[in-house]
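Engineer: Okay, handing you the structure first.
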Amino acid sequence: MEITNKVRELKKLSWYDIKNLELNQLKNNTKRDVEKLKKSILNRGFFSPFLVWNNFIFDGTGRVLALKELEKEGNRIPDLPCLFVEANNLAEAKIYALQMSSKHGEITQESLYEFSIDIPEVETLIDEVSFYEFDQEFAELDEIEPTNLTEVNINKELTLKISFKSQEDWENAKREIEEVLKEYKNFNISVSGGEL
């Protein structure tokens, strides 16, 4: 089977043409999201093309909203890249939107740390990117050291949140956690429960 190339062309469009295209309403773009995109565009420039089918932007709604605000604030918006794709109809283009918005792999705190270790200004990115699963931890990435727990010298309060599927899983894990932490004098385990 031969893979079908759905990319028709990449070309720049004027900001006027882009802002008059129909926007994909799949994601709830909060004020916080738009502010992060604005900061990213101002700090890093525009580097991700809009994905377009006919007059429908199926990937890039948040960037359009951020650019509209930046324009209102007096910034000049240049011609920007659009990647035009082939689709038989709007429904197929919406399938592309779902595919572009889905997660095909998980970013963990550890993988994010390892990926970002050589970025000196990583802590400043909290104002530009969103990882809803652990935004607060991302803000503290520069403080995280990947290491074995038995080698850690903890001088400040450390909170570890773990979710368990059952009371039995919790009891088994609790015994193991207590065993590992025996050598530390000041540690507490507290439980806040929900439905198990």
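The values are calculated or read from the model by the stated rules, or taken from the named source; none is laboratory data. Worth saying up front: this structure is predicted, and the values here are computed from it rather than measured. Neighbour counts run over all protein chains shown; Cβ positions are idealised from the backbone, glycine included.
Residues checked against (1) free of Cβ contacts under 8 Å to residues at least 40 places away in the same chain; (2) part of a loop (DSSP other than H, G, I, E, B); (3) over 17 Å from LEU80 (Cα atoms); (4) assigned by TED's automatic domain parsing to the domain that holds CYS82:
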{"position": "GLU2", "(1), (2), (3), (4)": "yes, yes, yes, no"}
{"position": "SER40", "(1), (2), (3), (4)": "no, no, no, yes"}
{"position": "PHE47", "(1), (2), (3), (4)": "yes, yes, no, yes"}
{"position": "VAL52", "(1), (2), (3), (4)": "yes, no, no, yes"}
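Engineer: Of the conditions (1) touching a strand residue (DSSP E or B) at 6+ places or on another chain (Cβ under 8 Å); (2) within 24 Å of LEU125 (Cα to Cα); (3) surrounded by 14 or more Cβ atoms within 10 Å (Cβ to Cβ), MET100 clears all except one; give me its number.
Structural biologist: (3)
Engineer: Against the conditions (1) over 15 Å from the mean Cα position of the chain (by Cα); (2) at pLDDT below 90; (3) assigned to a helix (DSSP H, G or I), where does LYS68 fall short? Just the number, please.
Structural biologist: (2)
Engineer: OK, next. Out of the range 11-26, which residues are loosely packed, with under 12 Cβ neighbours inside 10 Å and assigned to a loop (DSSP other than H, G, I, E, B)? Explain how you work it out, then say what you get.
Structural biologist: If we filter the range 11-26 for residues that are loosely packed, with under 12 Cβ neighbours inside 10 Å, which is where we start, we get 16, 20, 25.
Residues satisfying the conditions are ASN20, GLN25.
Engineer: While we're on this one: Could you grab me the full set of residues in the range 79-99 that are within 25 Å of the chain's Cα centre (by Cα), closer than 11 Å to LYS6 by Cα and not in a helix (DSSP H, G or I)?
Structural biologist: Correct list: LEU83, PHE84, VAL85.
Engineer: In addition: How many of the residues in the range 92-120 are modelled with pLDDT under 80 and basic (Lys, Arg)?
Structural biologist: Selection size over the range 92-120: 1.
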